[in-house]
Amino acid sequence: MSQKICVFGASITWGAFDLEAGGWVERLKVHFFNNDPETYVYNCGVSGDMVANLLKRFSAEAQARKPDEIIISVGINDGTNRANPTGTPIAEFQNSYNKLLNQAEEFAKDIVIVGPSNLGREVGAFGHKNKEIQQINELIKKIAEDRKTPFINCFGLLTEEDFYTDGTHPNSQGHKKIFEKVLDAIG
């Protein structure tokens, strides 16, 4: 029996700057293709997405694919950065994230949350800040705990050597580390 996994997120989910294998989600897709060809992985990552952007497109994309499992990895872009100078207010983020999970529950009983990864330096090239990402990560972790939804903590997983030159996006080595952590959790 085939299984569909949809992975939703932003540029790191999309696979930005993994010049060898296309990102952690692509690695997941290849893993299942080689080991369980009845499991299909769909990458629904869109560069620059914040939780509000994902919430707007989520239902249509999930409806089109009818997933058995949903993996959500979004939040870094909700901190202050060049594209979002004021950041997403924390109450708005929490409300939108819970709405996103409510929608996910309408499509799949298996939902996994992948927390945001840290930066390669205190402030990345796009203006993201580790301190803010850590706060967002802790909020997402609490939301997951309250809802009894599996949470994969990636904050602190990556070291400076695991980043592309922008200090924000993982390089191939960094994407491999995220892939391995996600695979261990969803097995």
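Quick note: the coordinates plus some simple rules give every number you see, no bench work behind them. What you see is a predicted model, and the numbers here were worked out from it, not measured in a lab. Because the Cβ atoms are built from the backbone with ideal geometry, glycine has one as well, and the counts that use them run over all protein chains shown.
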Problem set entry | 3J(HN,Hα) from dihedral phi, segment 121-132, Karplus parametrisation 6.51/-1.76/1.60, rounded to Hz, x for glycine, proline | 9, 4, 10, x, 4, 9, x, 5, 10, 4, 4, 5
For this session: Specify the residue with the greatest mean-square fluctuation among LYS129, LYS99, LYS148, computed from a Gaussian network of the chain linking alpha-carbon atoms under 10 Å apart.
Result: LYS148
Exercise. Hey, what did the chain get for relative contact order, percent, Cα under 8 Å, at least 6 apart?
Worked result: 24 percent
Problem set entry | Kirkwood Rh, angstrom, segment 89-187 [1 / mean 1/r, Cα pairs] | 14.4 Å
Exercise. Taking other Cβ within 10 Å of each residue's Cβ, how do VAL30, VAL41, VAL7 sort, fewest first?
Worked result: VAL30, VAL41, VAL7
